[in-house]
Amino acid sequence: MLDDKGNTAVYLLYAFTRICSIARTANISPEQISDAANNLPMSLQHDKEWKLAKALLRFPEVLLKITKDLCLHHLCEFVYDIATSFTEFYDSCYCVEKDSSDSHDQWEETIGKTVAFNAIKLQEETKSTTKQERNKT
């Protein structure tokens, strides 16, 4: 039976799919995200943003540990930690917000994209890190 809770492949794939869909849902191109990452300051204000950022910063440490002891389970634990940190972040912080007053169901420029750019940059860094992990295995 496939369980979508806990440390399972289904849970990890679901988290990765959610990560990949955020920028696509917001209609933000990879170039816009890259430009924002290079030109806008990163401001982490919510506890869950900090938790996710700290988890992502452990990536080089985890790679060094794997190369020293040759135990790949550290990478699996790291991916699970990222997935759970991202899920908590996603549940607590808006990445994309719809403008409820717009009858055409368009994304609001000032709220939907500007305020959430830090969250979108953070999710893109998560996606980038998980892609690097996938390419290492």
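Please treat every number below as a calculation from the coordinates, not as lab data. For clarity, every value in this text was computed on a predicted model and none was experimentally measured. Using ideal geometry, Cβ is built from the backbone for each residue, glycine included, and neighbour counts are taken over all protein chains shown.
For the residue pairs LYS51/LYS127; LYS51/LYS121; LYS5/LYS51; LYS5/LYS68, the alpha carbons lie more than 22 Å apart in LYS5/LYS68.
Take 12-19, 121-128 and order them by the average number of nearby Cβ atoms within 10 Å per residue, most first; the result is 121-128, 12-19.
Quick one: grab the alpha carbon gyration tensor of the stretch 1-98, order the square roots of its eigenvalues as a ≥ b ≥ c, and give me rounded if a/c is under 1.5, else prolate or oblate depending on whether a/b is larger than b/c. Judged from the Cα gyration tensor, the stretch 1-98 comes out oblate (a/c at least 1.5, b/c at or above a/b).
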